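Read the structure below first, then the notes.
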Amino acid sequence: MRLEAKNVSFRYGAGGRKILNDLSIYVDEGERVGIVGPSGYGKSTLAKLLAGYLPPESGEILLDGKPLPDKGVCPVQLIYQHPEKAINPRWRMRQVLEESESLNDEMLEKLGIEKQWLTRFPRELSGGELQRFCVARSLFQGTRFLIADEMSTMLDVITQAQLWNVVLEEAESRNMGLIVVTHNAHLAERVCTRVIDLSTINSI
Amino acid sequence: MNELTIRRNKAGQNIKETRRKKMNRRTKTVILTVLIAAVIVSALLAGLLISDEAVAIDFANAKQKPSFEHPFGTDWMGRDLFARTMKGLSISITVGVVASAISAVAAVLIGIAAATGSKALDSFVNWLIDLVMGVPHLVLIILISFSCGRGLKGLLIGIAVTHWTSLARLIRAEVLQLRSEQYIAVSRKLGKSNRWILVKHILPHMIPQFVVGLILMFPHAILHEASVSFLGYGLPPEQPAIGIILSESMKYLSSGMWWLAFFPGLTLVLIVILLDHLGDNLKMLIDPYSAQE
């Protein structure tokens, strides 16, 4: 299985500046690709395009040669940088995991999620604790590609290491494709099999 | 208590007095809620329990000033004004509850439809809101009530049709903002349908707006009912609604029967003020940011 961006261009709004220009990248299953580059070079935008959150202005996003599914469960999942925005503030944490049917003891244990957190509201947990839930929510059975958009930037180093260990282990065992969007070149080198520098391939 | 026994804090303020001043909003709201619930229940019960005999015509007791036997006095036909006021209140409250409930539910439905539907529907709803808001409520209610052939039905429709606008606009804006939230986008990618997202993600966020909107609509509805009835376009004169009582009392004010207008008017104003306070307090508790605007 291959996730592919073919000659995509993108700009925000009709008259906006071009963020991505005729960009092509691909990720195969089992591969871990890092996307690095300075701020404003379209890393997060590319992540949203690849996950189907935004439609490209031109070009196409293909999963196994076909466009991403419009409806239903998407096999490409995105983890945001700010977990507190990615969780409904009026839901208890149990509901968050139930939404993707990824509430199982094994996953909770791996990610270090304590049982008592499940009955809490998001504002009663810290950023690192919330991000564990976001990771657990994205790692349901149907996920084939996981895009981590600055997933660990906000977290302390111990939590970072914990989360990455779980994600790498899962990617390995499921032969899942992983896209790591980060401005931290060291992290990309450490966890990825291949690193793409957006500033060299995105000519804007 | 002499000066020595008054306990003072560091700033020299009387501790007992500051404590009394600092009853917080939560406590106040709870007290208000209990008070209003008691008033509403007793008015409704009174409306049911007070027999027609109590408000029967009795010329022997006509034009009496307030006394222990007749706390609000009696009118020119000897009817006990207290019983009549309570009956009137129960009618007003029923009208208020029904009309504002219809209005609030309509507001939520219309607001959500405008925010999630097509662009044309959204513009139409906005145009409709501007239209209804542009015409003075009283005029619109009178027109609708009149064309429905006076009486309870016309009044209810009139009040329900005119009061949904501001809440609908609020709900529309809220839903539009919610729809752009990340967790909604995530939910969509987890394969959830629009309907599922509406019910599970968006509707629970509307509950506070709905409750506050409903409670703030309530006093408006009561006042409009009373004023339309007062002007003679609402309830028929046989029904002792507050508006009717006030309107009838006008003829007798100049002959010194002040109690005919004073007590019914006072109870109406008190209930409206209580409800308005409750609504404002709830708004502050539930949504402190927008309440400050």
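No value in this document is a laboratory result; all are computed from the given coordinates. What you see is a predicted model, and the numbers here were worked out from it, not measured in a lab. FYI the Cβ positions are ideal-geometry reconstructions off the backbone, even for glycines, and counts take in every protein chain you see.
Remark: B:L198, A:L3 ranked as B:L198, A:L3, counting other beta-carbon atoms within 10 Å and listing the fewest first. Working note: Debye formula, equal point scatterers on the alpha-carbon atoms of chain A, no solvent; log10 I(q)/I(0) at q = 0.13 Å⁻¹ is -0.70. Once the Cβ-Cβ distance between B:M23 and B:V269 is put in as r, and R0 is 35 Å, what FRET efficiency do you end up with, to the nearest 0.05? Step by step, r from the Cβ atoms, then E = 0.90.
In the range B:70-183, the inverse of the mean reciprocal separation of distinct Cα atoms equals 16.4 Å; this is its Kirkwood hydrodynamic radius. Each 20 Å bin from zero holds the following percent of Cα-Cα pairs in the protein assembly as shown: 18, 35, 26, 16, 4, 0. In this structure the amide hydrogen of A:I19, modeled in the peptide plane, comes within under 5 Å of the amide hydrogens of A:F10, A:R11, A:Y12, none closer than 5 places in sequence on its chain. From largest to smallest, the equivalent ellipsoid semi-axes obtained for the range A:1-60 from the alpha-carbon gyration tensor read 20, 13, 9 Å. Qualifying GluC sites (Glu not before Pro) in the range B:166-244, where qualification requires a DSSP coil assignment and no more than 13 other C-beta atoms within 10 Å, comprise B:E238. Exposed loop sites here mean chymotrypsin sites (Phe, Trp or Tyr not before Pro) with a DSSP loop assignment and at most 14 other beta-carbon atoms within 10 Å; chain B contains its longest site-free run at B:69-257. For a distance above 36 Å, tell me the whole-number percent of Cα pairs in chain B that qualify. In whole percent, the share of Cα-Cα pairs in chain B beyond 36 Å is 34. Anyone know which of B:V228, B:V139, B:V199 comes out most mobile in the 10 Å Cα GNM of chain B? Of B:V228, B:V139, B:V199, the most mobile in the Gaussian network model is B:V199.
You can think of it this way: the chain between B:F146 and B:L285 has 46.1 nm of extra reach, that is 0.36 nm per residue less the Cα-Cα gap. In a simple Cβ point-charge model (Lys, Arg +1; Asp, Glu -1; nothing else charged), the protein assembly as shown has a dipole of about 940 debye relative to its Cα centre. What's log10 of I(q)/I(0) for the range B:181-293 at q = 0.14, 0.17, 0.21 Å⁻¹, Debye sum over Cα points only, no solvent? Debye intensities relative to I(0), on a log10 scale: -0.74, -0.88, -1.06. Estimated purely from DSSP H runs of n ≥ 4, each contributing -39500 (n - 2.57), the mean residue ellipticity at 222 nm for the protein assembly as shown is -17500 deg cm²/dmol once divided by its residues. Once you have the Kirkwood Rh of the range B:148-198 from its Cα pairs, apply Stokes-Einstein at 25 °C and 0.890 mPa s and quote D in µm²/s. Approximately 178 µm²/s, per Stokes-Einstein.
Each part gets one Cα centre, and for the range A:110-174 versus the range B:61-139 those centres are 52 Å apart.
For chain B, the membrane-span-like helices by this rule, meaning whole DSSP H stretches whose C-alpha atoms cover at least 30 Å of axis and whose Kyte-Doolittle mean is 1.0 or above, are B:25-49, B:81-116, B:203-231, B:259-286; this says nothing about an actual membrane. The mean sequence separation of alpha-carbon pairs under 8 Å and at least six residues apart, normalised by the residue count of the range A:3-71, gives a relative contact order of 42 percent. A dipole drawn for the protein assembly as shown from +1 and -1 charges on Cβ atoms has a positive end, and of B:A168, A:A51, A:P69 the residue lying farthest that way is B:A168. Among the listed pairs A:K85/B:K189; A:K43/A:K71; A:K110/B:K192, which have their C-alpha atoms separated by more than 22 angstrom in this model? Pairs exceeding 22 Å: A:K43/A:K71; A:K110/B:K192. Each 5 Å bin, from zero up to the one with the longest distance, holds this percent of the alpha carbon pairs of the range A:110-196: 3, 13, 26, 24, 19, 10, 4, 1, 0. So what is the relative contact order for chain A, in percent, with contacts set as C-alpha pairs under 8 Å and at least six apart? Averaging sequence separation for qualifying contacts and normalising by length gives 33 percent for chain A. Taking every DSSP beta bridge that has both ends in the protein assembly as shown, the antiparallel portion is near 50%.
In this simple spin-label model, placing a label point 7 Å from the Cα along the Cα-to-Cβ direction at both A:I201 and B:L109 gives a separation of 5.3 nm.
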